[in-house]
Amino acid sequence: MDAKLNAPESDNGIRSIVVVEDAQDVADSIRYSLEHQGFRVSVATTGPAALDLIFNHPPSMVLLDINLPERSGFDLCRRFRTEAATRRMPVLMLTARSAESDEVLGIELGADDYLTKPFSTRELLARVNAILRRSDGHEPERPIYDDGVLVIDPWTFSVSYEAREVRLTRKEMRLLEELARSEGRVMMREVLLDRIWGLRNYAASRTLDVHIRRLRSKLGNPKLIETITGVGYRLVGSRSKQT
């Protein structure tokens, strides 16, 4: 069967997760680990089965393999982000493809994170829990940032630079907010990784660097975010127009 009969639910405080994975042994291993942590888990092994399952009963989160029969994980992620019922549904991509271009595409399509196989159960659970914490909507209110050039409004999910609208993914928005909150001060790589992805000891990841490059490209000013070699990044703000 492509999907389990028990549709995901989130009642009684139980989180529901749909695992979209065509390798049955991998799917079973992930399901066991998640159920052991108290999640309600359903599995789909093809793209069409995943769409039916998820749109009938939107889950708390989706773990999405890229290489799927009939429709790729990229296609599914794109579809999720265009439908109102799943637009804000957290998506963690799982793949054996480690090329940076694949990670960039997954991020651009709106995936919340990207985990390369093989991965440990501990790392998977850390990613899942970090993403769910950040999707709860219980974070304290953040002020709108406006330095006269860059305007960030997380509550309307809007960003503009030099009066030009800038469209960001959720992770890009979170990263820009963190940098803006500490404008002029260096944000260490480890701090950014922990706050946004919920992971420590993850210094070897390219994830942060990919997001920084995408932010610079979308904002259209590479000097806006300064690299402090071996340390982290700093938002220069409107002062970057003077250089």
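Computed from the coordinates by the stated procedures, all read-outs in this text should not be read as laboratory data. Every value quoted in this text rests on a predicted model; they were computed, and no experiment measured them. A quick note on method: Cβ atoms are made from the backbone with ideal geometry, for glycine too, and the neighbour counts reach across all protein chains shown.
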Difference of contour (0.36 nm per residue) and Cα-Cα distance, ASN67 to SER120: 17.1 nm
Contour excess over end-to-end distance, with Cα ends at ARG167 and THR227 and 0.36 nm allotted per residue: 19.4 nm
Among 70-77, 219-226, 171-178, how do they line up by average Cβ neighbours within 10 Å per residue, starting with the highest? 171-178, 70-77, 219-226
